Every structure is written in C-alpha cells, then in structure tokens.
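Read through the structure below, which is laid out as structure tokens, and then see the notes.
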Amino acid sequence: MKNPNGHEIIQLFEQFSPKSLAMEGDKIGLQVGRLNKKVDRVMIALDVLEEVIDEAIEKNVQLIIAHHPIIFRPLKNVLTDTTQGRMVEKLLKHDIAVYAAHTNLDVAKGGVNDLLATALELQEPEVLVPTFDTKLKKLVVFVPASHAEEIRNVLGKAGAGFIGNYSHCTFSTSGTGRFLPGENTNPFVGQPGQLEAVDEIRIETIIPEPLLKKAITAMIKAHPYEEVAYDVYPTENKGEVLGLGRIGKVSEMTLGEFAEKVKTALDVERVRVVGDLASKVRKVAVLGGDGNKYFMNAKFKGADVYVTGDIYYHTAHDAMMQGLNMIDPGHNVEKVMKKGLTAALQKMCREEGYEVEIFPSEVNTDPFQFI
C-alpha cells in the first residue's frame, strides 16, 4: 500500500468526475491550499462552512473534497476578522486543502443526480438535460501472444471496451512484429544487435477519452516490452451522453404518496408540493440543486412530477399552467453525495493501492429549520 499525495488523489477523483464535464464558468478545482503533500485523511463535504472546517481540524484532515465551492464569487480581500476570512485563515494555518467539484459532479456518471435517482428508485433512468457527448478513441496495442489475455483484462478493468451494456469488448488479429534492439536495451524477446521477429497479437478496443490516459498507463505497466508499440485513433462513434438531472419510472402512486417517499428517501422533514395530491405519478424527473430553469425539459420528456430544489414562486405557477407537478425537497438533499462519493473514492483508492482514510463530513449544513 502507498500513502498518496494530494495530486494523486485528485487525479484519481478526476477520472470519476472530470473537470471537462462542468458547466461554463463554474468555480471548480483546487480553491485553497496545496496538493503537493502526503494525504492520510480526506473528508467529503457538501458545503465548506466554518463548522465543517473545525470538524476537519479536529479529525486531522489534510484534504476536503466539497460539492459547493468555498469561493464562488471573487474575493476582494481576506479579512481575518470576518467569517469567510477566518475560514481561509484556519485552512491555511492547518494546511488543509479544499477542492471543489460542482456541476462536473452533478453531470458525472455515479455523481449527484445518479445518486438522487437511485435514492428515489427510478427505473431505467436517462439524462434529463444533455450537456456533454463523451468522445471515444480507438486504442490499438501490439503484444506477444503469451501476454494478450492479461492486456485485454487490464484494458477492460481500466474502462476500455464498453459498448452499450457490454464490457471488455476487443478485437484481435495475429501478425509478426519485427525490431532491432539497440546496444543498451534489455529486450523481453531477442538479443541486442540482432533483428528479431515475434508472433504478436494486435488488440484494438474503444475507450472514452477521459479514461484514455489511465488505460494507457495500466497497459504499459502490464506489458512485457521495454518499449510498447501502441496507436490511438480518433473516431466518429458517439459515446455516452451525460448531463444534468435524470428521468425514469416508478411504481404508480399518487403525488401525495410520492411526496412521502421523497421525504423518506432523501431524509428531509418537509417538502413543498405543486399540484393535485391525488394525481397519478408514474414518470419522475429529478435534478439536484436549483433546477428552476429546466422544468420544461421535464415536461417535454413526459414527467408527471419534477423533483428539484429552490423552486421559485413564479416557476411554480408556470409549471401548474403546463400541468407539471413539482416537489421541492430543498437544495440540501445533494448531501447524498457525501456517502456516495466516499464509497466511490474509497473503492478507487483500494484498487490503486492507496493507503488513505476517506469519510463523509457529519456536520449538517442545511441553513433552514421547520417550526
């Protein structure tokens, strides 16, 4: 096991939630501190409030990965007699870095909106608002027959070869590889200075561009040759469509019954409901955070109810006129990302051989109370 530094953890995390998925202008990435240090403890948080920072200090955390940026609007100054200035001061004094993954984590497969869809038990969920078409690359590598199966498995584990619901998809052809090892080489096959011919397998597969670097690194590590011959080709194939929100089906129930389900599934005391509580619900759209401007996407895709936070008064009226029911469980339900991301990052670190403790923040950052 290896004790990783901050850069290694974030590089791993960005394979799960690439920055390229973020909406234009979003404030993401490293916001406070540094990553060029060893990291033993990582805390996952929804918001970075002073109470969360105090929790991180108490638990000897070196890195906070948060959904909501601690710095969303540009700072004109850092005054340590203000709450925000004091927060920055505490982070710097205790060498705690803060990394924000906002809309990229909303969009990411397995991110906030997938976690919400899972909590609400949506069947056959699809993207509600497409924002990103994944580019695909074709990766081709030449390997001696003795190691072909190992390389296929390594590529599949790294995320290559996924076509629809099929994984580990590759195509192989046999041929002869020729090479002349130089004087200072240590070839797997042959001798320096002698032209060599080897029975090799050409393995080709498809891979999403964000996973290409990971796959190549894993492939080179497993390959027996000192110098690995491989090619990367652009393709016109359409990759997976990613985006904001999810829409899917549920077992038929009334709007009132589904509102109760939302309360239980998303762990909230109250919800605001727009629509007839006796109306039937079969198709559900959900979008974490403030999804006001996307309610017509839910309507156009046939949703009976749209679950999102921070619903405006006039948006509710507009939805009523369109015949769309709405449920507002609040913005804070995005807290599902704390446990969800903790589990995902723990799994990635285990597979990478990283010795690091990852856990969710226990602080309740919901600013609202119901009385």
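The values are calculated or read from the model by the stated rules, or taken from the named source; none is laboratory data. Since we're looking at a predicted model, the values are computed, not measured. No Cβ is skipped: glycine too gets one built from the backbone with ideal geometry, and neighbour counts run over all protein chains shown. The protein model used for the area step is the full one, side chains on, heavy atoms only, and it has no ligands, DNA or RNA in it. Shrake-Rupley method; radii C 1.70, N 1.55, O 1.52, S 1.80 Å.
Annotations
- Tabulated pairs, segment 243-254, first closer than 23 Å to Leu277 by Cβ, second surrounded by 14 or more Cβ atoms within 10 Å (Cβ to Cβ) and of a type in the set (Gly, Ala, Ser), C-beta under 7 angstrom, 6+ apart or interchain: Ile247/Ala285; Ile247/Ala298; Ile247/Ala303; Gly248/Ala117; Thr254/Ser279
- Count - residues of segment 313-351 that are open to solvent by 30 Å² or more (accessible area, probe 1.4 Å), under 19 Å from Leu266 (Cβ atoms) and either among the β-branched types (Val, Ile, Thr) or not in a helix (DSSP H, G or I) (or both): 1
- Across segment 33-53, the number of residues qualifying as of a type in the set (Gly, Ala, Ser) and surrounded by 22 or more Cβ atoms within 10 Å (Cβ to Cβ) comes to 1.
- Matching residues, segment 129-174, being modelled with pLDDT of 95 or more, touching a Lys or Arg at 6+ places or on another chain (Cβ under 6 Å) and not polar (S, T, N, Q): Phe142
- Residue ID - farthest from Leu139 (Cα to Cα), chosen from residues in segment 154-203 that are assigned to a strand (DSSP E or B) and among the charged types (D, E, K, R): Glu196
- Check on Leu30, surrounded by fewer than 21 Cβ atoms within 10 Å (Cβ to Cβ), of a type outside the set (D, E, K, R) and not in a strand (DSSP E or B): no
- Segment 268-312 - residue that is among the small types (Gly, Ala, Ser) and part of a loop (DSSP other than H, G, I, E, B) and, of those, most open to solvent (accessible area, probe 1.4 Å): Ala278
- Residue count for segment 238-267, restricted to those that are within 18 Å of Met320 (Cα to Cα) and not in a helix (DSSP H, G or I): 1.
- Scanning segment 352-371 for residues that are surrounded by 14 or more Cβ atoms within 10 Å (Cβ to Cβ) and of a type outside the set (A, V, I, L, M, F, W, C) returns Glu352, Tyr354, Glu357, Pro360, Ser361, Thr365, Asp366.
- Residues that are over 28 Å from Ala22 (Cβ atoms) and either surrounded by 13 or more Cβ atoms within 10 Å (Cβ to Cβ) or hydroxyl-bearing (Ser, Thr, Tyr) (or both) within segment 221-246 comprise Ala222, His223, Pro224, Tyr225, Val228, Ala229, Tyr230, listed in sequence order.
- Residues being within 30 Å of Asn104 (Cβ to Cβ), in contact with a helix residue (DSSP H, G or I) (Cβ under 8 Å, 6 or more places away or on another chain) and open to solvent by 20 Å² or more (accessible area, probe 1.4 Å) - total across segment 195-220: 4
- Output for segment 130-153, where each listed residue is open to solvent by 20 Å² or more (accessible area, probe 1.4 Å) and in a helix (DSSP H, G or I): Ala145, Ser146, His147, Glu149, Glu150, Arg152, Asn153
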